[in-house]
């Protein structure tokens, strides 16, 4: 993937339960909060607030409210070794459809393309980590976990 300029990420808001919502700076807090709640309801994350220490909704400058890739942080602090993932989230949400047109394989649909490439990106990032992380993919998500404990660190859902 082409290297993108770093866009600032900020704490948008805390929801009523105290879960931080991280987004691109300049986003409308009410819009982001509503999108986050709709995402969690749609995908059955009823207890997400109990296990989530941050929700990343990085649209990368796109106003599109559909096909947004979310990330749920399931540990207290986002590991430094994984910070590059936030740029991938911004890229896929902001320019994913243009990237898809250039790199799709055969009749591959957009979601499959994004998840396949995000899985590859995560594999590269965790392979460089000295702390020891692993990554994998489910049907509609990509996850990262601690290698030794198996504890999930982050799940990116699309």
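Each value in this text was obtained by applying a stated rule to the coordinates, not by laboratory testing. It should be emphasised that the depicted structure is a prediction, and the values quoted were computed from it without experimental measurement. FYI the Cβ positions are ideal-geometry reconstructions off the backbone, even for glycines, and counts take in every protein chain you see.
Step by step: find N for region 83-156, compute 2.2 N^0.38 Å, then divide the Cα radius of gyration by it. What's the final number? Computed over Cα atoms of region 83-156, the ratio equals 1.14. The order of 158, 39, going from fewest to most other C-beta atoms within 10 Å of their C-beta, is 39, 158.
Can you give the extra length, in nm with one decimal, that the chain gains between residue 108 and residue 34 once fully stretched, where that is 0.36 nm per residue apart less the Cα-Cα distance? Walk me through the numbers before you get to the answer.
Details: separation 74, 0.36 × 74 = 26.64 nm, distance 3.03 nm.
Length gained between residue 108 and residue 34: 23.6 nm.
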